[in-house]
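See structure below.
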Amino acid sequence: MKILGISAGTKNGRNDAMCKEALRAAKENGAEIEFIRLLDLDIKHCTGCTACVKAILGGKGNLCVFKDDFDWFLEKFYEADGIIFSIPIFEKGTAGIFRTIMDRFGPRMSRVHNLIADKLYKEGNGKEINPKFLEEKAVSYMALGGSEWITNVESEFSIHALTIMGKIINKEVFPWSTGIMVDDKRFEKAHEIGLNMVEAVKDIEKASYKSDKGVCPNCHSKNFYFPENSGAKAICCQCGIEGEVSLNNGIIEFNYSEDALGHAHTNLDGQIIHANDIKKNLISLFEDMKTDKYKERMAFYKDFIKESLPNK
Ligand SMILES: Cc1cc2nc3c(=O)[nH]c(=O)nc-3n(C[C@H](O)[C@H](O)[C@H](O)COP(=O)(O)O)c2cc1C
């Protein structure tokens, strides 16, 4: 059993320490452990070139145009049975390096895209996919903030888990963490997260979510989007379910239909619907690209103004 800890904090800072505490618990309970600091790695920003989407849905395998440390990182990620992140909160959400990681996982590491590509390979129409990319991973996330400006971070963690269809075991936010190094209770929590991960990877099928229940019964989200002039209609910012919020005996409830649940981004079916929609749109884009209107408009904006660059 291997547990990987990933920190995006400063070297030997508070995120490193909390992550290592979770790993200490894992090691004491029989796990092999490894620790990675994201800021030690050369990981470029995704440019949105979409080469990975075209390749994976077109049977050309799992690839990215960049040759940096991300492939090494993926190897470490997928050889682990369970992964525990500790990420600083920046601007109420995750630190930029985590967002970059999320983007680089993006379409390329989407488990559904890899399952579709694996099917193509097995039908003789595509390149082989690393079988590790098809497995379910147990993931836990910790976020450390210097204040209580923390409201977007859990959502971003869940969206990372959506991509890989990972099973979230813990998702814990530690606001006002400046004094965390002398706070036994919060280190005990990190320890518990390590223990929970060990238990989870022993039987991932039976493993279950151990943190706050939240409001969305499907994904435990506390973040909702309210479309304009739509009454109590709400969209869960994490799993995308459309439903209604209400207040019952002082408790906020989020209710939705069975059909809405079927479209949830956390479900295989919901993700397949999304992947097929993307494929349809790509096919339509390729048709647009052949038209004069597309070519003329592209040429107009290319020549309209050139980008400014710093003098080097
Ligand atoms: C650019 C920047 C933005 C930050 N924004 C927030 C924030 O919105 N909310 C918050 O609670 N803490 C915020 N912080 C505090 C960090 O979360 C805190 O410094 C970090 O968790 C410390 O981790 P470390 O000791 O592992 O480096 C911010 C810090 C920086 C440097």
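Nothing in this text is a laboratory measurement; each read-out follows from the coordinates by a stated rule. None of the values given here were measured: they were computed from a predicted structure. In this analysis, Cβ positions are derived from the backbone assuming ideal geometry, glycine residues included, and neighbour counts consider all displayed protein chains.
Tabulated data for the structure shown
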quantity	calculated
Nearest 10 degrees, 0 to 90: helix 70-79 Cα axis against the chain principal axis	50
Neighbour cut-off at most 13 other Cβ (10 Å), DSSP loop, trypsin sites (Lys or Arg not before Pro), segment 227-303	Lys290
Rg ratio (alpha-carbon, reference 2.2 N^0.38 Å) - segment 110-182	1.57
Nonlocal amide H pairs with Phe85, under 5 Å, H built at 1.01 Å	Ile6, Ser140, Tyr141, Met142
Between helix 153-164 and the chain: long-axis angle, C-alpha atoms, 0 to 90°, nearest 10	60
Relative packing of peptides 188-194, 2-8, 37-43 - highest average C-beta neighbours within 10 Å first	2-8, 188-194, 37-43
GluC sites (Glu not before Pro) within segment 5-104, DSSP loop, no more than 13 other Cβ atoms inside 10 Å	Glu91
Estimated dipole of segment 1-212 in Debye, rounded to 20 [Cβ of Lys and Arg +1, of Asp and Glu -1, Cα centre]	500
Charge tally in the Cβ shell below 9 Å around Ala190, where Lys, Arg are +1 and Asp, Glu are -1, Ala190 excluded	0
Three-way shape label, segment 271-312, alpha-carbon gyration tensor, a/c 1.5	oblate
Cα-based shape type of segment 148-214, given that a ≥ b ≥ c are square roots of the gyration tensor eigenvalues and the cut on a/c is 1.5	oblate
Local electrostatic count at Lys171 - Lys and Arg +1, Asp and Glu -1, tallied over other residues with Cβ under 14 Å	0
Acute angle (nearest 10 degrees) that the helix 96-109 long axis makes with the longest principal axis of the chain, alpha-carbon atoms	60
Gap separating the Cα centres of segment 224-272 and segment 103-153, nearest whole Å	23
Cross-link table Lys92/Lys127; Lys76/Lys189; Lys60/Lys233; Lys60/Lys213, entries beyond 32 Å C-alpha to C-alpha	Lys92/Lys127; Lys60/Lys233; Lys60/Lys213
Cα extents of the chain along the three principal axes, largest first (Å)	66, 51, 50
³J(HN,Hα) computed for each position of segment 40-50 - Karplus, 6.51 cos²θ - 1.76 cosθ + 1.60, integer Hz, glycine/proline x	7, 9, 9, 10, 7, 5, 5, 9, x, 5, 6
Percent of beta bridges antiparallel (DSSP, the chain, rounded to nearest 5)	35
